[in-house]
Amino acid sequence: MDQVAIITGGSRGIGRATALAAAARGYKVVVGYASNKAAADEVVAKIESSNGKAIAVKCDVGSEADILDLFKQADAFGPLGVLVNNAGVVDMTARVDEMSAERLHRMMNVNIVGSILCAREAVKRLSTKHGGKGGVIINLSSVAATLGSPAQYVDYAASKGAIDTFTLGLAREVAGEGIRVAAIRPGLIDTDIHASGGEPDRAHRLAHNVPMKRVGQAEEIANAVVWLMSDEASYVTGTILDVSGGR
Ligand code: NAP
């Protein structure tokens with residue numbers, strides 16, 4: 001397969017697992033990262049050690065210039081087939097009455113605007129309307145979109161609610177142009193993101209609330225992402241898939 005899959009935030013966590021799973025299925029992978037070049041390089045080296053193809057590209061999805069450069073470098077690597085809008089951030093646990101405007105702008109800029117700008121660039125390349133051959137866009141939402149995350153990070157949950165709505169709208173907008181768009185709502189997944197919210201042990205602390213009584217692994221999300229990417233999901237669009245152990 002000569003198709004390129006761009007994974008934003010592919011250096012760690014769910015994005016890393018998705019990059020490895022996509023490479024194992026034959027995609028040429030563009031591993032986006034915000035600042036952790038060593039982690040991105042490790043993912044590329046791991047893919048190459050299995051005879052796969054990958055490049056690491058620094059791209060803070062909060063920057064339109066970085067996004068344009070990401071797609072430019074991807075274009076030079078091969079024809080785009082898939083975008084995984086995985087990059088996302090949380091912030092420290094807080095109530096809404098404690099949140100600064102700066103925090104809210106960062107959260108919405110990275111989680112919502114970044115995803116929509118990346119999708120814009122993907123649609124320009126994939127849509128049959130623009131001479132493309134079609135493709136797939138997968139957005140990483142969260143079960144937080146359905147729970148609201150009170151007294152933790154309502155702003156994050158709201159940003160993921162926006163991702164759900166964006167997924168539905170974009171899917172219907174480009175369904176006749178060869179592009180499928182879907183989202184995954186992970187539950188509590190064992191990654192570094194909980195440390196970014198000031199609580200490294202958060203996922204394990206809350207595991208007893210999960211009907212399956214355990215946290216999920218990044219690979220369990222990646223498996224769902226690569227299925228949605230594949231032709232096995234050829235009639236799936238506008239779908240938001242919960243991968244959350246029943247949460
Ligand atoms: P993570 O372990 O914190 O990894 C975040 C990844 O995103 C890293 O590769 C990081 O790059 C990159 N990143 C951070 N800020 C970025 C930015 N501004 N621009 C571009 N890349 C950026 O996160 P994760 O847990 O794998 O989460 C991945 C996605 O799943 C997110 O959208 C998250 O909201 C969603 N999700 C996660 C969970 C969970 O429990 N883990 C649950 C529901 C939804 P560097 O390595 O360079 O820092």
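Would you mind counting up the charge near Gly52? Only other residues with Cβ under 11 Å from its Cβ, with Lys and Arg at +1 and Asp and Glu at -1.
Its environment carries a net charge of +3.
How high is the relative contact order of region 4-243? Use alpha-carbon pairs under 8 Å, at least six apart in sequence, and give a whole percent.
Relative contact order, region 4-243: 20 percent.
How tilted is helix 218-229 with respect to the longest principal axis of the chain? Cα atoms for both, answer in degrees (0 to 90, nearest 10).
40
Quick one: 3J(HN,Hα) in Hz for region 146-157, Karplus 6.51/-1.76/1.60 with θ = phi - 60°, rounded, Gly and Pro as x.
Couplings: 9, 9, x, 6, x, 6, 10, 7, 4, 5, 4, 4 Hz.
Using Cα-Cα distances under 8 Å and only pairs 6 or more residues apart, what relative contact order does region 118-247 have, in percent?
Averaging sequence separation for qualifying contacts and normalising by length gives 28 percent for region 118-247.
Could you sort Asp75, Asp66 by their accessible area in this structure, using a 1.4 Å probe and putting the largest first?
Accessible-area ranking of Asp75, Asp66, largest first: Asp75, Asp66.
In a Gaussian network model over the chain where Cα atoms closer than 10 Å are linked, find which of Val82, Val215, Val136 has the largest mean-square fluctuation.
Sorting by GNM fluctuation, first place goes to Val215.
About the Cα centre of the chain, how large is the charge dipole given +1 on each Lys and Arg Cβ and -1 on each Asp and Glu Cβ? Please answer in debye to the nearest 20.
Here the size comes out at about 360 debye.
Provide, for the chain, the number of lysine pairs with alpha carbons under 24 Å apart, each pair being eight or more places apart or on different chains.
Taking the chain as the scope, the lysine pair count is 25.
Using only Cα atoms, find the angle between the long axis of helix 64-77 and the longest principal axis of the chain, and express it within 0 to 90 degrees, rounded to the nearest 10.
That helix lies at roughly 40 degrees to the long axis.
Lys and Arg at +1, Asp and Glu at -1: add these up for the other residues within a Cβ distance under 15 Å of Ala233 and post the number.
0
Say we join alpha carbon atoms closer than 10 Å with springs in a Gaussian network model of the chain; which of Val31, Val123, Val210 then has the biggest fluctuation?
Per the Cα network of the chain with a 10 Å cutoff, Val210 tops the list.
Compute the long axis of helix 37-49 from its Cα atoms, compare it with the longest principal axis of the Cα atoms of the chain, and write down the angle in degrees, 0 to 90, nearest 10.
That works out to roughly 50 degrees.
Using modelled backbone amide H atoms (1.01 Å from N, in-plane), which distant-in-sequence or interchain residues come within less than 5 Å of Ala54's amide H?
Amide H neighbours of Ala54, under 5 Å, 5+ apart: Val29.
Rounded to the nearest 500, what is the chain's calculated 222 nm mean residue ellipticity when only DSSP H runs of at least 4 contribute -39500 (n - 2.57) each, over all residues?
Rounded to the nearest 500, the figure is -13000 deg cm²/dmol.
Per 10 Å bin, what percent of the C-alpha pairs of the chain does each bin hold, from zero upward?
Over the chain, the share of Cα pairs per 10 Å bin runs 8, 34, 38, 17, 3, 0 percent.
Show me, for region 101-114, the HN-Hα J-couplings you get by feeding each phi into the Karplus relation (A = 6.51, B = -1.76, C = 1.60, θ = phi - 60°), rounded to Hz, glycine and proline as x.
Calculated HN-Hα couplings, in order: 4, 4, 4, 5, 5, 4, 4, 6, 5, 6, 6, 9, 4, x Hz.
The values are calculated or read from the model by the stated rules, or taken from the named source; none is laboratory data. As the structure is a prediction and not an experimental result, all values here were calculated from the model. Backbone-built Cβ (ideal geometry, glycine too); neighbour counts: all protein chains shown. Ligands, DNA and RNA are stripped out before the accessible areas are found, and what is left, the full protein with its side chains, is counted by its heavy atoms. Shrake-Rupley method; radii C 1.70, N 1.55, O 1.52, S 1.80 Å.
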